[in-house]
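A quick write-up on the structure given underneath.
The values are calculated or read from the model by the stated rules, or taken from the named source; none is laboratory data. Values in this document were obtained by computation on a predicted structure and should not be read as measured data. Positions of Cβ are generated from backbone atoms using ideal geometry, with glycine treated the same way; all protein chains shown enter the neighbour counts. What goes into the accessible areas is simple: the full protein's heavy atoms, side chains included, and nothing from ligands, DNA or RNA. Shrake-Rupley method; radii C 1.70, N 1.55, O 1.52, S 1.80 Å.
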Amino acid sequence: MSESPVRRMANVNGTITPLEDARISILDRGFLYGDSVYEVFRTYSGVPLFCHEHFDRMENSARLVHMTIAQPREEMLNEMRRTAAAAAVPKDQDIYVRWHVTRGSGALDLVPSRDLKSSYVIIVKEVPKWNPEFYSNGMRLAVTHVRRNPVESLSPDIKSGNYLNNILGVAEAVELGADDCLMLNPSGLVTEASNSNVFFVIDGRLVTPDAQSGVLRGITKSAIARLGSEIGCPLHETKLRAEEIVKTVECFVTSATREVMPVIGVRLTSGEWRQFPPGGGEVTRRVARAYKESVSRYVRENSGLQLV
Ligand SMILES: Cc1ncc(COP(=O)(O)O)c(C=O)c1O
């Protein structure tokens with residue numbers, strides 16, 4: 001079915017099978033309630049990018065939902081390596097790794113029983129191939145009526161397996177003729193897209209919504225923050241009202257799999273489109289270039305982490 005040289009494989013609590021044969025219990029709380037946390041990362045030349053940062057964020061998500069991950073890091077890394085080996089990943093092929101941990105299976109009850117043991121699923125497959133136009137031209141975002149969950153209800157620091165808020169956001173954006181949503185929080189502050197952080201160039205400054213606005217602490221975003229000063233584009237994390245988007249001259253999104261992806265236009269709540277330079281303006285291109293260089297540096301310095 002897939003033309004990828006990578007065999008798509010899953011590892012469910014140590015049992016490795018082709019992806020389509022993988023099974024979890026219908027009593028699994030991840031399935032029943034979205035009671036799960038997860039991470040996605042990708043490899044470059046076999047090295048999982050920002051591996052420790054993803055493990056740290058996973059442990060923090062688990063801590064915030066009072067879940068104990070049954071396996072230590074080293075064991076999970078070995079399971080990822082075993083899954084990648086079963087996927088017969090060629091040396092020159094980058095892979096996508098999704099690591100999901102659920103609170104486990106038990107009674108049909110919101111209250112988790114005390115003896116639950118967490119379950120894990122690892123999915124290894126090819127890196128998603130985004131529409132090339134998203135890079136050559138840019139993505140279109142729409143400000144949606146669906147608002148981002150307020151931080152007081154659900155901390156965005158929890159990277160949980162429940163994406164209904166984001167699914168409703170992106171579904172509305174597609175209805176509005178865009179590729180992804182730009183969600184506001186209940187106070188009208190800009191937050192993020194359905195699965196990426198958003199950056200703007202306003203009044204000559206590179207800005208992105210701050211954590212209190214209600215965004216995931218993206219690991220790609222942290223890398224951009226570190227690089228920003230080096231390349232003369234220091235990143236300002238701030239509160240950004242939706243009305244300020246009209247002052248924007250460039251916009252881009254970031255995530256582990258999208259890297260730095262330009263935005264060609266944002267549909268405002270008025271229905272008007274704010275347009276940006278095709279393929280990204282000068283700052284976007286500079287950031288994208290610096291990010292690529294930093295990835296190469298990371299791979300050189302962390303060759304010992306090889307998954308493949
Ligand atoms: C809601 C949300 N925001 C931002 C991101 C980007 O995070 P990262 O750069 O760590 O991939 C993601 C990635 O999955 C996400 O789901």
*Please work out the FRET efficiency for the pair Arg300 and Val174, using the Cβ-Cβ distance as r and a Förster radius of 45 Å; give the result to the nearest 0.05.*
0.70
*In angstroms, what radius of gyration and Dmax does the range 33-144 have, counting Cα atoms only?*
16.9, 52
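As a test of understanding, state the convex hull volume per residue of the chain from its alpha carbons, in Å³. Please list the in-between numbers first.
Details: hull volume 41.7 nm³, N = 308.
Each residue corresponds to 135 Å³ of Cα convex hull volume.
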_Using distinct alpha-carbon pairs, which all enter the 1/r mean, Kirkwood radius of the range 128-222 in Å_ = 13.9
_With +1 assigned to the C-beta of every Lys and Arg and -1 to the C-beta of every Asp and Glu, and no other charges, what is the dipole magnitude of the chain about the Cα centre in debye, to the nearest 20?_
360
*So, in nm, how far is label Leu110 from label Ile26 when the simple model puts each one 7 Å beyond its Cα toward the Cβ?*
2.2
_Tell me the per residue accessible area of the chain using a 1.4 Å probe; a whole number in Å² is fine._
47
*Which value in nm describes the separation of the simple spin-label points at Leu64 and Ser4, placed 7 Å from the Cα toward the beta carbon?*
2.7
*Would you check the chain for Lys pairs whose C-alpha atoms are within less than 16 Å, ignoring same-chain pairs closer than 8 in sequence, and give me the count?*
5
*May I ask for the distance between the Cα centers of the range 78-141 and the range 3-42, given as a whole number of Å?*
7
*Quick one: with all protein chains in place, what share of the accessible area of the range 29-70 is carbon or sulfur, to the nearest percent (1.4 Å probe)?*
53
_Suppose we flag trypsin sites (Lys or Arg not before Pro) only when DSSP calls them loop and at most 15 other Cβ atoms lie within 10 Å. Which is the longest uninterrupted stretch of the chain?_
130-216
*Report the GluC sites (Glu not before Pro) located in the range 1-89 that are in a DSSP loop and have at most 11 other Cβ atoms inside 10 Å of their Cβ, or state none.*
Glu3
_Pairwise label distance in nanometres, Thr15 with Ala225, each label 7 Å out on the Cα-Cβ vector_ = 4.1
*What helices does the chain hold that run 15 Å or longer along their axis, going by alpha-carbon atoms, with a Kyte-Doolittle average of 0.5 or more, using DSSP H for the helix calls?*
164-175
*Of the heavy-atom accessible surface of the range 172-243 (probe 1.4 angstrom), what whole percent is carbon and sulfur?*
48
